[in-house]
1. Add +1 for every Lys or Arg and -1 for every Asp or Glu among the other residues with Cβ under 14 Å from the Cβ of residue 73, and state the total.
2. Normalising by the residue count of the stretch 17-111, find the relative contact order in percent from Cα pairs under 8 Å and 6+ residues apart.
3. Sketch the reach of a paramagnetic label on residue 79 as a point 7 Å from Cα along Cα-to-Cβ, and name the residues of the stretch 92-111 whose backbone nitrogen lies under 19 Å away.
4. Compute the FRET efficiency between residue 191 and residue 169 as 1/(1 + (r/R0)^6), taking r as their Cβ-Cβ distance and R0 = 25 Å, and round to the nearest 0.05.
5. Please work out whether the chain counts as rounded, prolate or oblate from its C-alpha gyration tensor, where a ≥ b ≥ c are the square roots of the eigenvalues and a/c under 1.5 means rounded, while otherwise a/b larger than b/c means prolate and anything else oblate?
6. Restricting to Cα pairs below 8 Å that are 6+ residues apart, what does the relative contact order work out to for the chain? Please round to a whole percent.
7. Specify which residue in the list 289, 338, 144 is farthest towards the positive end of the charge dipole of the chain, using unit charges on the beta carbon of Lys, Arg (+1) and Asp, Glu (-1), about the Cα centre.
8. Net charge around residue 171, counting only other residues with Cβ within less than 11 Å of its Cβ (Lys, Arg = +1; Asp, Glu = -1)?
Amino acid sequence: MRRRPPAADVLPGEPPIDSLRLARTDGVGPLTYRRLLARYGGAAAAIAALPGLARDAGRTAAPTIPSPEEVAREQERLARLGGRFLVLGQPGYPPLLALLADAPPVLACLGEPARLAGPAVALVGGRNASANGARVAEALAADLAGAGLVVVSGLARGIDAAAHTGALATGRTVAAVAGGLDCPYPPEHADLQRRIAETGVVLAEAPLGTAPQARHFPRRNRVIAGLALGVIVVEAALRSGSLITARLAQDAGREIFAVPGSPLDPRARGSNDLIRQGAHLTETAADVLENLPDHPLRQGLARAPLFARARADDPPEPPPHGCGDPVETDDLPPDVVAAARTSVVRLLGPAPTAVDDLLRRCQLSPAAVLAALLELELAGRIETLPGQRVALLA
């Protein structure tokens, strides 16, 4: 049976200190955060258990846990910027994003969180966009925002900037950024970030003061994918972050759209390949509106387009998932967890491996494998990556 930790009694937008401390703890990623809450019933109990868990996995030093005073200072700095924290499982957290197994435990938010509740579509693409690509992205975003959708993108140069600009002209847009909210990137988009926050929302998973680095962008991309019912790709090369966003969106059951480009332009090869693999060929906003699902969890005939007329016999919308862990890991004998740790380390390498694949190959109970992954991440021996993948650290 799934077990859900009790909700803390807090004001909307004012997270419990312990939730933020746990999320900021060294070695606690999104999946580990959820497993800890499910196993111990709350952030305070999980924090108390961390030193023992890390020691059992072979870590000599206890994980670095921020003090209540450090977390309070971060809250004060964010409040001075006009922002607030959104905590997974608490009011204001984006409901579609919460469906991801590796949803960020805490998001820093500029803007009104209620603006995240409406249906959204992501529009992403290359930084070195052509003039035609930028024009198409801006027009698509304007038409989609005018139709009532929130347009999500990543505030990058090129297609992302065009998408935000187009959406601002007719409606609302959301920007998910790779660094801290006080470190706009690229720097020339500081004014664009301010304008988005005035009528839409800017979100960051990284703590304040974090300068964007290459490893932050895949995490930002999963936030973009998780916020939206579908992802539109405009001008993506064969190896690009936009294709990572599309893959993460597909893994999460979201719809994929792609704008076709010239076969002579390498900037369009990735988006053209998405169409070859089954993405919706997209030339106008109508192509999106006719195929965007009303909810990613619906299946078959009930998974009607968002703007189609609702049928009387459609099933009710499934409720968003909370913070429950799918498998209980309580009360496992220490020797069982130790054996699972050995098996997991033997099977993993520096290349990312899907957790589902690991569960199939370990020939151990899911509870034992998940307990081992929890302890190994706290010990700094593995890294959890977007898309429910793990890799062994050197």
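1. -1
2. 32 percent
3. 92, 107-111
4. Here the calculated transfer efficiency is 0.95.
5. Note, shape of the chain comes out prolate.
6. 17 percent
7. Going by the Cα projections, it comes out as 338.
8. +1
A short reminder: the numbers here are calculations on the coordinates, not readings from a lab. In this text, all values refer to a predicted model and were calculated from it rather than measured experimentally. When we count neighbours, we look across all protein chains shown, and the Cβ atoms used for this are built from the backbone with ideal geometry, even at glycine.
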